[in-house]
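The values are calculated or read from the model by the stated rules, or taken from the named source; none is laboratory data. Keep in mind that this is a model prediction, so the values were computed, not measured. FYI the Cβ positions are ideal-geometry reconstructions off the backbone, even for glycines, and counts take in every protein chain you see. Calculation scope for accessible area: heavy atoms of the full protein, side chains included, ligands and nucleic acids excluded. Shrake-Rupley method; radii C 1.70, N 1.55, O 1.52, S 1.80 Å.
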Amino acid sequence: MSVWDDVVGQPDAVATLRRAATDPAAMTHAWLLTGPPGSGRSVAARAFAAALQCTGTDGETGGCGRCRACTTTLAGTHPDLTVVATDKVVITIDEVRDLIMTAARTPSSGRYRVIVVEDADRMAERTTNVLLKAIEEPPPHTVWVLCAPSAQDVLPTIRSRCRGVVLRVPPAQDVADLLVRRDGIDPAVALTAARAAQSHVGLARRLARDADARERRDAVLEIARRIRGVGDAVLAAGELVDVAKAEAVAATTERDAVEKAELMRALGVQEGDTLPPRLRSQLRQLEDDQKRRATRRQRDVLDRSMVDLLSLYRDVLVVQLGAAVDLVNAEHDGTVRALAADSTPEQTIRRMDAIGVARERLEGNVAPLLALEAMAVALRPQG
């Protein structure tokens, strides 16, 4: 057992990070871990942080996975580890200023003070510029680990001061093996989930364990077959947005209520009491943060739906071209072959382009319903 066991399908990245954790000559103060969604950036970052803090057992260091430093770092409770994993649209400038103050402190018990920013691509340029000096001239024993989908998603001034480690999409079989070993999932279910999630470990685990999640994904894929005209397209777009809103509400409502209750208690306001005017700004700030979190969640759900649709049309193109590769959605073979027979490869590529444009529009803050309606209209059969 070691801290690297859950970093699946990344032998080169693991070798680089493991060497840095044990060889001072290979170590540097700032790292940028990049890779597509699901490649395991955050898992690799936490494993690296654990390896840096590892005190070793039985003479083994560099991430033994058994010492207290390793276990507390992986659990996120080590006093010298700070992890920023925002569930809002952006990381705010105030959050980054707090990080810089944390980075200036000496480690309390570990070898390093490690700061992991899991969503470095969600920092605006002004926010990133605030971070620049802290990365450029870090205090001794402070290590920054930034994660982003690609090096181009962070400013050149930041990436030029970080050592880059590129992660790749792990093989589906490796992800399935992890689910079997770690979660006790049936091997066949695990492999189907890993393929459907396109090797995204977190999504594969969710699909393997949650029947409702599998049903929602199946419903998204069936939309492609149901769209026969503009009316169907508009209805399908509305359905996707409604499902995303419902899932965002379901995922955030309970947490929102707990956070509000904790704030009111901290402010000394009893249930049913009127909030004094001088305290209302704090409640408004919390509500604004919760709205941003719900917006991020809705966008993430919609983007995942579009990625699922892209995987379906990828399979359609595979069938149309007679390529000798496995289907991502083998359990939807009937839908794939019906769509393949009903269109040409050129039309399939245009549909995939339309989905890609919709994802870009959504990222650019276009109203979700408008972006998805335009996409869905482009998915209807062409004469």
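Relative contact order for the chain: 16 percent, from Cα pairs under 8 Å spaced at least 6 residues apart, divided by residue count. Rounded to the nearest 10 degrees, the angle from helix 11-22 to the longest Cα principal axis of the chain is 10 degrees.
I need the trypsin sites (Lys or Arg not before Pro) found in segment 186-232, filtered to DSSP loop residues with at most 16 other beta carbons within 10 Å of theirs.
R228
Over segment 250-369, accessible surface divided per residue gives 57 Å², non-protein components excluded, 1.4 Å probe.
To put it simply, the accessible area of segment 46-178 at a 1.4 Å probe is 51 percent carbon and sulfur. Computed over segment 258-344, the P(r) curve from all C-alpha pair distances, binned at 5 Å from the origin, holds 3, 12, 15, 11, 8, 6, 6, 6, 6, 6, 7, 7, 5, 1 percent per bin. Helix 280-321 sits at what angle to the longest principal axis of the chain, using alpha carbons and giving 0 to 90 degrees rounded to 10? Between helix and principal axis, roughly 50 degrees. Distance from the alpha carbon centroid of segment 215-289 to that of segment 321-353 works out to 34 angstrom.
Across segment 278-383, C-alpha contacts under 8 Å between residues 6 or more apart give a mean separation that, scaled by the residue count, equals a relative contact order of 25 percent.
Over segment 83-212, the hull volume per residue, using the convex hull of the C-alpha atoms, is 143 Å³.
Any chance you could give the angle, 0 to 90 degrees and rounded to 10, that helix 345-363 forms with the longest Cα principal axis of the chain? Between helix and principal axis, roughly 40 degrees.
With every protein chain left in place, what is the accessible area per residue of segment 1-71 in square angstrom, probe 1.4 Å?
Working: 2750 Å² over 71 residues.
About 39 Å² of surface per residue is accessible.
So what is the 222 nm mean residue ellipticity for the chain from helices alone, if each DSSP H run of at least 4 adds -39500 (n - 2.57) and you divide by all residues, rounding to the nearest 500 deg cm²/dmol? Intermediate values should be presented prior to the final figure.
Working: 15 runs with 225 residues, N = 383.
My calculation for the chain gives -19000 deg cm²/dmol from helical runs alone.
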